[in-house]
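The values are calculated or read from the model by the stated rules, or taken from the named source; none is laboratory data. These figures come from a predicted structure and were not determined experimentally. Note that each Cβ is placed from the backbone with ideal geometry, even for glycine, and that neighbours are counted across all protein chains shown. We work out accessible area using only protein heavy atoms, side chains counted, and drop any ligands, DNA or RNA first. Shrake-Rupley method; radii C 1.70, N 1.55, O 1.52, S 1.80 Å.
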Amino acid sequence: MWTALDIPDTAQETFTDYKRWRLLVNDGGRHTWHYLRTDEEVENWPQNEVDRFWLGLKTTMPDLPPAKDPLDAARNGYKFYKELQSHDGHWAGEYGGPMFLLPAFVIGSYVIGMPFKEEERLEMVRYIMNHAHPEDGGWGIHVEGHSTVFGTGLNYTAMRILGVDKDHPVCVKARAYLHKLGGTTSIPAWGKFYLSLLNCYDWAGNNPVPAEIWLLPDWVPFHPSKWWIHVRNVYIPMSYLYGLRFKMEENDLILSLREELYTEDYYSIDWPAQRNNINKVDEYAPHTRLFDMISGVLYMYEGCVLPPLRRAALARTYRLIVMEDENTAYQTLAPVSKVFNMVARFAAEGRDCESFKMHKQKRADFIWLGAEGMMVCGTNGSQLWDTGFISQALVETGLAYEPENRQSMVKALEWLDQGQMRNDPIHYHEAYRHTTKGAWGFSTAEQGYTVSDCVGEGLKASMYLQFNLEFTPNLISKERMCDAVNVLLTLQNPNGGFASYELVRAPQWLEYLNPAEVFGNIMREYCYPECTTSVITALAIFRKHFPDYRAADIERTIRGAVRYLHAAQTPEGGWIGSWGICFTYAAQFALESLSLVGETYATSTVARRGCEFLLSHQRADGGWGESYKSCEQSAWVEHENSQVVQTCWAVLALMYAQYPYADAIKRGVQLVMQRQKPDGSWAQEAIEGVFNKTCAIAYPNFKFSFPIWMLGKAHFYLLELEARSVSVVANGNGNGKANGMNGNGKANGRH
């Protein structure tokens with residue numbers, strides 16, 4: 001049992017000395033936070049601006065002269081943001097928001113005896129306290145969500161494991177709300193599983209997760225190799241641990257939690273009856289009758305398992321777990337699978353082994369310290385994603401050409417160079433992986449997963465930096481850029497669209513077997529407008545530089561992708577975003593890609609409808625604002641406030657589509673400029689991203705990259721509109737339309 005902590009009643013003040021925390025960036029973009037306990041360490045490793053900014057401490061960045069125009073505002077923005085660039089060229093940052101990741105790390109680490117430092121535990125507690133619902137005291141699936149059994153049960157448990165007394169006011173309030181909901185018997189499936197590992201929920205209360213499914217022939221339509229990669233990689237170690245019925249040994253804390261988490265006597269609960277007991281406050285994707293029927297059959301099978309078959313299945317799943325660890329240098333795909341792999345390796349090999357050491361080392365990569373405390377991120381970072389966007393922004397706005405920004409751009413290119421994967425996975429076909437040779441992933445090359453839109457944005461940023469700027473070295477060869485294109489060409493689905501990590505491998509009906517009640521669209525890959533448009537954009541730019549390389553394949557791929565994008569447009573004229581919130585996010589990508597194949601407001605009904613859809617949602621203050629509920633409902637849901645980032649997405653979309661009227665763009669620009677702070681930065685507003693319909697996730701670097709991008713482009717775009725308007729009037733055509741303009745909003749440079 002971890003030692004008790006003395007925790008204040010409130011969490012406004014830090015629980016540790018924030019002047020002693022440092023972010024270490026090394027090994028191709030790894031992020032790990034370290035607490036310096038001695039004055040000598042503090043003196044030898046001084047804090048920098050990156051540390052201070054992300055910790056919420058006062059930076060040394062000065063106030064800047066007020067911006068004279070949008071380009072000046074963009075320049076001020078980059079003067080600030082440039083100071084947050086890491087020494088290796090990328091931009092570090094938080095990727096938090098989900099409220100079930102930190103409890104998973106705490107529970108998994110506790111179960112296997114992998115400790116945290118006391119300073120880490122203190123700030124983890126503080127983060128959980130800071131995100132308790134101010135009224136009911138519970139927690140939701142993410143930081144902006146309503147309180148649920150899933151969020152409240154897991155975060156309460158995490159606080160107790162971390163060392164908070166059950167009589168602490170935050171625990172008392174949370175426990176009262178949890179009991180009001182009926183206790184944790186009705187926690188969703190993943191919560192049941194975590195608590196079963198902790199020995200605080202009987203395994204009989206879980207729906208079966210049989211490892212034997214991995215012994216089926218690969219050609220079976222529902223073979224797990226065809227599931228979406230995030231589900232597949234979670235259920236591989238889950239099935240292994242379920243097959244073992246692995247659980248922690250009882251101790252005083254576990255015995256106490258069995259009393260605290262339930263409204264009835266733990267030992268009299270009818271556990272089999274809890275398998276499908278899911279609280280209505282949690283449920284987004286209810287079980288189908290088909291799922292419940294299959295689960296019932298599998299539950300009966302668990303009573304008569306054939307030992308040789310179970311042993312073969314466990315051996316197979318453990319082999320897959322080991323291959324995943326080795327393919328990713330123990331980063332694994334994401335934190336949920338990371339925890340389960342970590343526990344599975346411990347269950348098989350114990351503590352005194354290389355896998356325990358490596359999982360402990362790479363566990364640190366998921367942990368991030370912010371102003372509100374210590375959290376667990378959705379991956380080991382968003383390094384490529386953030387670096388790719390700001391690199392493109394600097395080139396398209398012309399700021400990259402300014403002498404004071406040149407070294408920054410060279411460093412960004414150097415990071416993109418080493419961030420590209422050079423080979424396929426160590427365990428490739430046997431682990432059911434997609435090719436990675438030439439790809440960029442969402443975070444680092446070490447993490448080792450191809451993501452279609454990350455390949456597109458990484459390639460686009462690399463081409464911009466190498467080909468558009470005269471002062472950058474040619475680090476990424478034509479051969480390696482062709483490798484990236486080869487990856488993209490392998491990812492197109494028959495309908496022309498692109499999914500996230502792999503091709504769509506499974507039939508649509510597999511979604512009827514969704515076992516995770518809190519998420520939607522998780523069982524198989526889906527094609528996404530955002531992924532498809534990133535590929536269109538990258539290929540369209542690539543063929544301008546290399547017109548002879550696989551020209552027919554690229555043309556065919558772009559045509560198919562455009563057809564998919566047309567079909568994906570909603571009747572209202574928008575596109576549903578699945579990774580950002582929501583319609584504004586998707587529209588920016590869609591209208592940029594369409595413009596590169598000649599479809600603009602003047603030439604395309606699709607592009608015109610996209611613009612009109614956006615304009616119908618512009619607010620009186622000139623901005624746009626969507627709630628994360630847009631993603632849940634696949635329909636526009638207004639946020640209570642206009643959002644800077646979403647306003648930038650909308651204005652960028654209009655400019656890419658060559659929308660010929662200035663007023664809407666000017667109003668959006670004005671709102672973003674008004675919200676810029678004197679030091680050039682922007683305040684953090686509502687959460688920006690989402691996954692699987694229901695879980696919002698943060699992209700705090702977006703509040704720099706997209707305002708800088710939009711303002712810099714808008715400066716030239718509005719000047720161009722004004723010049724064309726004057727020209728039209730001078731030529732005797734006073735209708736105010738700027739027909740035929742190219743509208744790219746780019747500064748002059750080598751394009």
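Report, by residue number, each residue of the range 3-22 that is closer than 17 Å to residue 171 by Cα and buried (at least 16 other Cβ atoms within 10 Å of the Cβ).
5, 7, 11
Based on this model, can you work out whether residue 407 counts as without any contact (Cβ under 8 Å) to a residue 12 or more places away in the chain and more than 17 Å from the chain's Cα centre (by Cα)? Give the steps one after another, and end with the answer.
Numbers: without any contact (Cβ under 8 Å) to a residue 12 or more places away in the chain: yes; more than 17 Å from the chain's Cα centre (by Cα): yes.
Against the criterion (without any contact (Cβ under 8 Å) to a residue 12 or more places away in the chain and more than 17 Å from the chain's Cα centre (by Cα)), residue 407 qualifies.
Select, from 560, 573, the only residue that is in contact with a Gly (Cβ under 8 Å, 6 or more places away or on another chain), under 30 Å from residue 632 (Cα atoms) and assigned to a loop (DSSP other than H, G, I, E, B).
Details: 560 fails: assigned to a loop (DSSP other than H, G, I, E, B).
Result of the check over 560, 573: 573.
Residue-wise test of (1) in contact with a Leu (Cβ under 9 Å, 6 or more places away or on another chain); (2) under 17 Å from residue 215 (Cβ atoms).
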| residue | (1), (2) |
| --- | --- |
| 272 | no, no |
| 286 | no, no |
| 317 | no, yes |
| 336 | yes, no |
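Please find, among 590, 586, 561, 568, the residue that is open to solvent by 10 Å² or more (accessible area, probe 1.4 Å) and of a type outside the set (Ser, Thr, Tyr).
Numbers: 590 fails: open to solvent by 10 Å² or more (accessible area, probe 1.4 Å); 586 fails: open to solvent by 10 Å² or more (accessible area, probe 1.4 Å); 561 fails: open to solvent by 10 Å² or more (accessible area, probe 1.4 Å).
The match here is 568.
Which members of the range 530-550 meet the condition of being among the aromatic types (Phe, Trp, Tyr) and either in contact with a strand residue (DSSP E or B) (Cβ under 6 Å, 6 or more places away or on another chain) or open to solvent by 10 Å² or more (accessible area, probe 1.4 Å) (or both)?
Filtering the range 530-550 down to residues among the aromatic types (Phe, Trp, Tyr) leaves 542, 546, 549.
Answer for the range 530-550, where residues must be among the aromatic types (Phe, Trp, Tyr) and either in contact with a strand residue (DSSP E or B) (Cβ under 6 Å, 6 or more places away or on another chain) or open to solvent by 10 Å² or more (accessible area, probe 1.4 Å) (or both): 546, 549.
Working only within the range 597-623, note down all residues that are in contact with a Leu (Cβ under 7 Å, 6 or more places away or on another chain) and under 21 Å from residue 667 (Cβ atoms). Quick ask: steps written out before the conclusion?
Restricting attention to the range 597-623, the residues satisfying the condition of being in contact with a Leu (Cβ under 7 Å, 6 or more places away or on another chain) are 604, 606-607, 610-611, 614, 621-623.
Listed by number, the residues that qualify are 607, 610, 611, 614, 621, 622, 623.
Conditions first: (1) surrounded by 20 or more Cβ atoms within 10 Å (Cβ to Cβ); (2) not in a helix (DSSP H, G or I). Residue 104 passes all but one, so which condition is the exception?
Of the numbered conditions (1) surrounded by 20 or more Cβ atoms within 10 Å (Cβ to Cβ); (2) not in a helix (DSSP H, G or I), the odd one out for residue 104 is (2).
Which residue pairs have Cβ atoms under 6 Å apart, sit 6 or more places apart or on different chains, and have a first residue in the range 287-304 that is more than 18 Å from residue 245 (Cα to Cα) and a second that is open to solvent by less than 40 Å² (accessible area, probe 1.4 Å) and part of a helix (DSSP H, G or I)?
Listed by first residue and then by second, the contacts come to 291/513.
Looking at the range 615-636, can you tell me whether even one residue there is of a type in the set (Ser, Thr, Tyr), outside any loop (DSSP other than H, G, I, E, B), farther than 21 Å from residue 688 by Cα and modelled with pLDDT of 95 or more? So that I can check it myself, show each step before the final result.
Quick first cut of the range 615-636, residues of a type in the set (Ser, Thr, Tyr) only: 616, 627-628, 630, 634.
Narrowing the set further to residues that are outside any loop (DSSP other than H, G, I, E, B) leaves 630.
Adding the requirement that they be farther than 21 Å from residue 688 by Cα leaves none.
For the range 615-636, residues of a type in the set (Ser, Thr, Tyr), outside any loop (DSSP other than H, G, I, E, B), farther than 21 Å from residue 688 by Cα and modelled with pLDDT of 95 or more: absent.
If the requirement is being modelled with pLDDT of 95 or more, open to solvent by 20 Å² or more (accessible area, probe 1.4 Å) and not in a loop (DSSP other than H, G, I, E, B), which of these qualifies: 309, 320? Give the steps one after another, and end with the answer.
Values: 320 fails: open to solvent by 20 Å² or more (accessible area, probe 1.4 Å).
Among 309, 320, only 309 is modelled with pLDDT of 95 or more, open to solvent by 20 Å² or more (accessible area, probe 1.4 Å) and not in a loop (DSSP other than H, G, I, E, B).
Regarding the range 407-414, can at least one residue be identified that is assigned to a loop (DSSP other than H, G, I, E, B), open to solvent by less than 20 Å² (accessible area, probe 1.4 Å) and not assigned by the TED database to the domain that holds residue 362? Even if it seems obvious, please write down each step before you answer.
Taking the range 407-414 and keeping what is assigned to a loop (DSSP other than H, G, I, E, B), we get none.
Taking every residue of the range 407-414 in turn, none turns out to be assigned to a loop (DSSP other than H, G, I, E, B), open to solvent by less than 20 Å² (accessible area, probe 1.4 Å) and not assigned by the TED database to the domain that holds residue 362.
Give the residue, chosen from 100, 53, 80, that is more than 29 Å from residue 411 (Cα to Cα) and at pLDDT 95 or above. Walk me through it before giving the result.
Values: 53 fails: more than 29 Å from residue 411 (Cα to Cα); 80 fails: more than 29 Å from residue 411 (Cα to Cα).
Sole residue among the options that is more than 29 Å from residue 411 (Cα to Cα) and at pLDDT 95 or above: 100.
Give me a count of the residues in the range 433-448 that are among the hydrophobic types (A, V, I, L, M, F, W, C), more than 14 Å from the chain's Cα centre (by Cα) and open to solvent by 10 Å² or more (accessible area, probe 1.4 Å). Working first, answer last.
Our first condition is that a residue be among the hydrophobic types (A, V, I, L, M, F, W, C); within the range 433-448, this holds for 439-440, 442, 445.
Imposing the further condition that a residue be more than 14 Å from the chain's Cα centre (by Cα) reduces the set to 439-440, 445.
Adding the requirement that they be open to solvent by 10 Å² or more (accessible area, probe 1.4 Å) leaves 445.
Final tally of qualifying residues: 1.
Show the residue pairs that are 6+ apart or on different chains and have beta-carbon atoms under 7 Å apart, the first residue being within the range 1-28 and within 22 Å of residue 131 (Cα to Cα), the second being among the polar types (S, T, N, Q).
These pairs meet every condition: 11/130.
Residue by residue, here is whether (1) acidic (Asp, Glu); (2) in a helix (DSSP H, G or I); (3) open to solvent by less than 10 Å² (accessible area, probe 1.4 Å); (4) in the same structural domain as residue 460 (by the TED database) holds:
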{"position": "324", "(1), (2), (3), (4)": "yes, yes, no, no"}
{"position": "331", "(1), (2), (3), (4)": "no, no, yes, no"}
{"position": "344", "(1), (2), (3), (4)": "no, yes, yes, no"}
{"position": "348", "(1), (2), (3), (4)": "no, yes, no, no"}
{"position": "351", "(1), (2), (3), (4)": "no, no, no, no"}
{"position": "357", "(1), (2), (3), (4)": "no, yes, no, no"}
{"position": "364", "(1), (2), (3), (4)": "no, yes, no, no"}
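In the range 131-221, which helices (runs of 4 or more DSSP H) lie fully inside it and hold 2 or more residues that are outside the structural domain of residue 431 (by the TED database), open to solvent by less than 10 Å² (accessible area, probe 1.4 Å) and out of contact with any Ser or Thr (no Cβ under 9 Å at 6 or more places or on another chain)?
Result: 149-162, 189-197.
Return the pairs, sorted by first residue and then second, in which the second residue is buried (at least 24 other Cβ atoms within 10 Å of the Cβ), the first residue lies in the range 648-667 and is not assigned by the TED database to the domain that holds residue 537, the beta carbons are less than 9 Å apart, and the residues are 6+ apart or on different chains.
none
Report whether or not residue 456 is of a type outside the set (Val, Ile, Thr), under 12 Å from residue 542 (Cβ atoms) and crowded, with 24+ Cβ neighbours inside 10 Å.
On the way: of a type outside the set (Val, Ile, Thr): yes; under 12 Å from residue 542 (Cβ atoms): yes; crowded, with 24+ Cβ neighbours inside 10 Å: yes.
Here the answer is yes, as residue 456 does meet what is asked.
Go through (1) on the phi < 0 side of the Ramachandran plot; (2) open to solvent by 10 Å² or more (accessible area, probe 1.4 Å) for residue 634 and report which single condition fails.
So the condition that residue 634 fails would be (1).
Keeping to the range 77-95, report how many residues are open to solvent by 10 Å² or more (accessible area, probe 1.4 Å) and part of a helix (DSSP H, G or I).
Qualifying residue count for the region: 3.
Out of all the residues in the range 659-688, which are out of contact with any Cys (no Cβ under 9 Å at 6 or more places or on another chain) and either under 30 Å from residue 511 (Cβ atoms) or aromatic (Phe, Trp, Tyr) (or both)?
Answer for the range 659-688, where residues must be out of contact with any Cys (no Cβ under 9 Å at 6 or more places or on another chain) and either under 30 Å from residue 511 (Cβ atoms) or aromatic (Phe, Trp, Tyr) (or both): 661, 682, 686, 687, 688.
So which of 607, 620, 650 ends up being open to solvent by less than 20 Å² (accessible area, probe 1.4 Å) and either out of contact with any strand residue (DSSP E or B) (no Cβ under 8 Å at 6 or more places or on another chain) or charged (D, E, K, R) (or both)? Walk me through how you get there before you give the answer.
Details: 620 fails: open to solvent by less than 20 Å² (accessible area, probe 1.4 Å); 650 fails: either out of contact with any strand residue (DSSP E or B) (no Cβ under 8 Å at 6 or more places or on another chain) or charged (D, E, K, R) (or both).
Only one candidate passes the filter, namely 607.
Residues of the range 576-613 being part of a helix (DSSP H, G or I), closer than 18 Å to residue 536 by Cα, more than 20 Å from the chain's Cα centre (by Cα) and free of Cβ contacts under 8 Å to residues at least 60 places away in the same chain, which ones?
At the first step, the residues of the range 576-613 found to be part of a helix (DSSP H, G or I) are 583-596, 605-613.
Cutting the leftovers down to closer than 18 Å to residue 536 by Cα gives us 585-596, 606-607, 610.
Add one more test, that the residue is more than 20 Å from the chain's Cα centre (by Cα), and what stays is 591-596, 606-607, 610.
Matches in the range 576-613: 606, 607, 610.
When you scan the range 637-647, how many residues do you find that are in contact (Cβ under 8 Å) with a residue 60 or more places away in the chain and in a loop (DSSP other than H, G, I, E, B)?
Adding up the residues that qualify gives 0.
Go through the range 325-347 and report how many residues are of a type in the set (A, V, I, L, M, F, W, C) and under 14 Å from residue 232 (Cβ atoms). Give the derivation first.
Initial filter on the range 325-347 (of a type in the set (A, V, I, L, M, F, W, C)): 329, 333-334, 336, 339-340, 342-344, 346-347.
So of that shortlist, the ones also under 14 Å from residue 232 (Cβ atoms) come out as 333-334, 336, 340.
Going through the range 325-347 one residue at a time, the tally reaches 4.
For the range 325-361, which residues satisfy the criterion of being under 17 Å from residue 106 (Cα atoms) and among the aromatic types (Phe, Trp, Tyr)?
The answer is 340, 346, 356.
Could you list all residues from the range 251-304 that are within 17 Å of residue 205 (Cβ to Cβ), open to solvent by 60 Å² or more (accessible area, probe 1.4 Å) and not in a helix (DSSP H, G or I)?
263, 264, 265, 270, 276, 303
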